[in-house]
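Trainee: Attaching a single structure in structure tokens format; questions to follow.
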Amino acid sequence: MKIAYVYELDAENVTVQSGRPHAILQEMRARDCDVVPAFPLDRSAQRSFLWKKLAYRATGRIYRPDRERRVLDALAAQVRLRIADANIDCVFGPGSHAIARLETKRPIVFCADATFRNMLDFYDDFTGCAPEYVRQGEAQERAALQAAAAAIYPSKWAADSAVRDYGADPGKVHVVPFGANLVEPPYGEVKSRVESRSTKTMRILFIGREWRRKGLPKVLDACRWLQAQGLPVVLDIVGAQGYRGELPGFAHLHGMLNKQRPDHLAKIKDLMVSAHFLFVPSSAENYGMAFCEAAAYGIPAISTRVGGIPSIVRDDVTGSCLPPETTADAFGQVMLEIFSDRPRYRAMALRSYEEYATRLNWHAFGERCLEIMGDAREAS
């Protein structure tokens, strides 16, 4: 299949969008698809609206020019030029901006981790938006869904929004989980590591650049509660950009780790190997690839029942998903109960790996994505 891969950013860069565009691109190439790159695109049209962004900021409102019609038209025009003579079978985008205003006779398929409505008043960056920006976001989302022969989301939460909030045809909206951006160890090694994890000291791993949204204060309080119960705890913190608070003795801040650097990647893997739980009680999360990565290492995840997380973390099967208002002590109690019941913990850890191996990986996503594109091509 000859596929035009359309994206406004550089899909070859593994640091873009948590590596999602790059991972999908690699899967298509690995399946011998003839990929025509239509990325990155010139986004300079946004500069014309800088004055508007500043004006809204002065009023305390959030506005971005990325959904202005002129900006979307400029992206679509570039795509048309790049694929004009390519004789492609299908257009694919790992996002919806560049295809929203694209006119082509070929079927369009895109994937996204959320709809605009999902993010509105959910993330801080989408709270207090200017009414004009809200109208533009709604229009862009609706246009993308109307243009597409198929839309792929990694969670039922996002897919339901496409149908409910934008009137998308349920038959062309698909739920296909995203994968993990780490090379997983073999099952035998994971099983051995699970068996060798300490029964005396609990090791907790927190991963998140935006530490407030990801719930680091609650993680610290839960660890303090566990310590008060007489259980030794080690907390490893990855990310937490800009955190300046004083940390207790059980906590170790490793900072921002770049998977592109071999030494940083090795450190991430070491932390994964020894962790009993990934604990990230986010207040908002479209998806959360760190949960997929934890599953690849047989680590049960403890998190909140928000956004797309429940599509990854199966409550009482591969971890625990609790309401976002759950207290730190209650989170600590859940982890203590699982940790203290060795057969339960072992089963949960191994089931986490099984979930990764069967559905939370990029190979599974790539296979299903190409099936959807093939169906769209046949129907066109």
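Trainee: If you average the C-alpha positions of region 162-191 and of region 323-370 separately, how far apart do those two centres end up, in angstrom?
Mentor: Value for the Cα centre distance between the two parts: 15 Å.
Trainee: List, in order, the whole-Hz ³J(HN,Hα) value for each residue of region 348-358 obtained from phi through the Karplus relation with A = 6.51, B = -1.76, C = 1.60 and θ = phi - 60°; use x for Gly and Pro.
Mentor: So the Karplus estimates, Gly and Pro as x, are 5, 5, 5, 5, 4, 5, 4, 5, 4, 5, 9 Hz.
Trainee: List the relative contact order of the chain as a percent without decimals, with contacts defined as Cα pairs under 8 Å and 6+ residues apart. Working shown, then result.
Mentor: Values: 700 pairs, mean separation 60.2, N = 380.
The normalised contact order for the chain reaches 16 percent.
Trainee: Using θ = phi - 60° and the Karplus curve 6.51 cos²θ - 1.76 cosθ + 1.60, what whole-Hz ³J(HN,Hα) does each residue of region 367-373 get, with Gly and Pro shown as x?
Mentor: Result, ordered by residue: 4, 5, 4, 5, 4, 5, 5 Hz.
Trainee: Further question: Take the alpha carbon atoms of region 234-290, find their center, do the same for region 74-143, and report the distance between the two centers in whole angstrom.
Mentor: Region 234-290 and region 74-143 have Cα centres spaced 32 Å from each other.
Trainee: Could you pull out which residues in region 184-215 have an amide N less than 16 Å from a spot 7 Å beyond the Cα of D124, following the Cα-Cβ vector?
Mentor: It comes to 208-215, nothing else.
Trainee: So, one more: Determine ³J(HN,Hα), in whole Hz, for all residues of region 163-178 in sequence, where each value follows from phi through the Karplus function 6.51 cos²θ - 1.76 cosθ + 1.60 and θ = phi - 60°; x replaces Gly and Pro.
Mentor: 6, 6, 8, 10, x, 5, 5, x, x, 10, 10, 10, 9, 9, x, 6
Trainee: On to the next question. Using only the Cα atoms of the chain, each taken as one equal point scatterer with no solvent, compute I(q) by the Debye sum, divide by I(0), and report log10 of the ratio at q = 0.10, 0.11, 0.13 Å⁻¹.
Mentor: Ignoring solvent entirely, the Cα scatterers give -0.68, -0.81, -1.09.
Trainee: If R0 is 56 Å, what FRET efficiency do you get for W51 and T358 from their C-beta distance, rounded to 0.05? Working shown, then result.
Mentor: Working: r = 51 Å, r/R0 = 0.91.
FRET efficiency, W51 to T358: 0.65.
Trainee: Assuming a ≥ b ≥ c are the square roots of the Cα gyration tensor eigenvalues, decide whether region 187-358 counts as rounded (a/c under 1.5), prolate (otherwise, with a/b larger than b/c) or oblate.
Mentor: rounded
Trainee: Separate question: Taking amide H positions as placed in the peptide plane 1.01 Å from N, state which residues far from S320 in sequence (5 or more) or on other chains have amide H under 5 Å from it.
Mentor: Residues meeting the criterion, in which the H sits 1.01 Å from N, are A301, I302, S303.
Trainee: Additional query: Using only helices, what value at 222 nm comes out for the chain when you add -39,500 (n - 2.57) per DSSP H run of length 4 or more and divide by the total residues, to the nearest 500 deg cm²/dmol? If you can, show how the numbers build up before the last one.
Mentor: Values: 14 runs with 163 residues, N = 380.
After summing the helix terms and dividing by the residues of the chain, the value is -13000 deg cm²/dmol.
Throughout, read-outs are computed from the coordinates displayed, never taken from laboratory work. Since the structure is predicted, the reported quantities are computational estimates derived from the model, not experimental observations. Every residue, glycine as well, gets a Cβ built from its backbone with ideal geometry; the counts of neighbours run over all protein chains shown.
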